[in-house]
Structure formats: structure tokens, C-alpha cells
1. Within region 147-156, can you find the residues that are touching an Asp or Glu at 6+ places or on another chain (Cβ under 8 Å) and either surrounded by fewer than 22 Cβ atoms within 10 Å (Cβ to Cβ) or among the hydroxyl-bearing types (Ser, Thr, Tyr) (or both)?
2. Which of the following residues is surrounded by fewer than 22 Cβ atoms within 10 Å (Cβ to Cβ), farther than 19 Å from HIS228 by Cα, under 22 Å from the mean Cα position of the chain (by Cα) and aliphatic (A, V, I, L, M): LEU137, LEU131, LEU159?
3. Give region 160-199 a look and list any residue that's at pLDDT 90 or above, in contact with a Phe, Trp or Tyr (Cβ under 8 Å, 6 or more places away or on another chain) and not β-branched (Val, Ile, Thr), or say none.
4. Just to be sure I understand, how many residues within region 134-148 are over 28 Å from GLU104 (Cα atoms) and either in contact (Cβ under 8 Å) with a residue 40 or more places away in the chain or touching a strand residue (DSSP E or B) at 6+ places or on another chain (Cβ under 6 Å) (or both)?
5. Collect the residues in region 192-232 that are in a helix (DSSP H, G or I) and among the small types (Gly, Ala, Ser), keeping them in residue-number order.
6. Please work out which residue is farthest from LEU160 (Cα to Cα), limiting yourself to region 178-208 and to residues that are surrounded by fewer than 20 Cβ atoms within 10 Å (Cβ to Cβ) and among the basic types (Lys, Arg).
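The values are calculated or read from the model by the stated rules, or taken from the named source; none is laboratory data. Keep in mind it's a predicted model, so treat the numbers as computed, not measured. Backbone-built Cβ (ideal geometry, glycine too); neighbour counts: all protein chains shown.
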Amino acid sequence: MSQKKAEEHKPQIVIKKVHGKHGGHHGGAWKVAYADFVTAMMALFIVLWIIASADPTLKAGLAQYFRDPGVFETTAGSLFPEGKGVHPAATPLVGEPASPFSLEQLQGQLRAEFHGLAEYLTIQDQIQLHLTPEGLLIDLMDKDQQAFFAVGSAQLTPLLLRVLEMIAQKVQPLPHKIAISGHTDARPYRDSAFYSNWELSTARALNARRALEGMGIPSTRIARVSGHADSSLLFPDNPFNPANRRISILILRDP
């Protein structure tokens with residue numbers, strides 16, 4: 001009996017088996033993240049495609065915006081709200097007055113135009129564009145392998161005429177006046193046609209003026225034409241550098 005009583009008073013151990021949930025789905029969060037990734041990539045490809053197919057004028061306008069967003073109008077959180085867009089100061093319309101801000105856009109447009117020249121790779125170091133306090137300065141320089149003028153001549157080469165035509169097309173709609181100057185290197189020159197580099201540089205500047213006027217630039221837009229001989233060398237330390245022989249076209253900042 002004692003053994004039976006001992007067994008009655010012995011604590012009973014109950015073991016419960018809890019069946020956990022196994023298998024099944026891990027959730028759909030990864031699907032949302034993947035959809036966001038695909039959407040972002042699609043937007044990126046669309047933007048790249050639009051930029052690649054845009055014309056040079058649009059690209060210049062976009063570049064102008066990122067350099068100076070202040071010339072664009074923004075309202076209601078949109079860059080181009082209804083009835084708004086690029087500020088008139090940034091993109092002047094043909095026949096309408098333009099502000100000095102257009103010179104930076106003009107610089108971008110001219111660079112894009114020059115890139116379209118078949119000979120651009122051979123003459124890219126002969127064309128320089130600089131924004132100065134006085135305006136946009138375009139230097140068209142000679143080099144040994146490729147000259148815009150024949151040696152000792154004021155006759156414009158066909159290549160220089162094509163470059164001047166590109167400049168005239170972009171400058172003609174704007175109200176800005178133009179100053180043209182001719183320069184030579186320090187090599188003394190004298191013959192029956194030109195007594196010195198002064199006459200030679202002046203004749204080249206005058207011929208550039210005539211060409212621009214023939215391409216649509218009104219004579220009233222020409223502020224001055226001058227010849228400087230070798231008095232204003234681009235490379236003073238190398239006075240015989242062919243780049244010192246150049247035509248400089250200055251689009252004056254104040255229209």
C-alpha cells in the first residue's frame with residue numbers, strides 16, 4: 001500500500017506539443033521593392049533617351065538652367081508650370097529684345113553648332129569662346145596646318161566663311177552690337193598691297209565685317225572694326241605663334 005500511495009502522490013508531468021506554422025509565403029515586400037526599382041530604371045532610360053534625342057538648343061537651355069536656375073520661373077513646385085517656361089531673359093524670341101543673360105546661352109549654342117562642322121576635329125583648337133565683362137568673345141585663330149587666311153592675304157577661306165555663317169545665324173536674331181578686330185603675329189609684313197601688319201589686320205577685320213553683313217547682320221549692329229597688328233598678342237611670350245594671327249568677334253554685352 002505504501003508503494004501505491006507513493007505513486008498517487010507523485011507529480012504528473014504533462015507535455016504539450018505546440019505545432020508551429022511552417023512553410024507558406026514569406027510576404028510580398030520584395031515585390032514592392034522590385035516594382036520601385038523597375039519604375040526608377042524606366043524613368044532613367046526615358047530621361048537618357050530624351051536628352052540623346054534633344055536638339056542643341058534644348059541642351060543649351062538645360063545647361064543654362066543647371067548653371068543659373070534663377071533665370072527660370074518656378075511656381076507651385078513645378079519648373080515649367082502652365083503658361084510658364086524658360087524665362088524670356090534666357091531664351092529670347094526672334095525679333096524681341098534679349099537680355100545680357102542670353103550671351104551664356106549663345107555661347108552654348110555656338111559650341112554645339114561648331115561641333116557639327118565636318119572639319120571640327122582639325123580646327124577645334126582654333127575656335128575659342130570666352131565670356132568677358134564686355135561680352136562674348138569669339139577668337140578665330142590660325143595654325144600652321146590650317147589657316148583662316150592665306151599668308152599675307154585678307155581673303156577669307158571657305159572654311160572661315162562657314163564658321164562666320166554659323167555665327168551670323170545665331171547672332172542675327174539678337175539685339176547685341178558686334179565689334180570686330182584683326183590681329184597678326186610679330187612677323188613683319190610688307191608688300192605692294194599692304195604697307196604693314198596694321199593694314200593687313202585691318203583689311204581682314206573689314207572683310208569679316210562685309211561677310212557678316214552679307215549673311216544678314218545689319219550694318220547698324222556693327223559697333224566698331226579695328227586692326228591691331230601685333231600690338232595685342234594672344235601669346236606675348238611667343239610672338240610668332242600662328243594663333244596670334246586671328247579675327248576676334250565680340251558680341252557686346254549691352255544691347
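1. Within region 147-156, just GLY152 meets the criteria.
2. That would be LEU131, the only listed residue that is surrounded by fewer than 22 Cβ atoms within 10 Å (Cβ to Cβ), farther than 19 Å from HIS228 by Cα, under 22 Å from the mean Cα position of the chain (by Cα) and aliphatic (A, V, I, L, M).
3. Matches in region 160-199: LEU160, MET166.
4. Counting residues in region 134-148 that are over 28 Å from GLU104 (Cα atoms) and either in contact (Cβ under 8 Å) with a residue 40 or more places away in the chain or touching a strand residue (DSSP E or B) at 6+ places or on another chain (Cβ under 6 Å) (or both) gives 1.
5. Within region 192-232, SER201, ALA203, ALA205, ALA208, ALA211, GLY214, SER219 qualify.
6. Checked region 178-208; the qualifying residue farthest from LEU160 (Cα to Cα) is ARG190.
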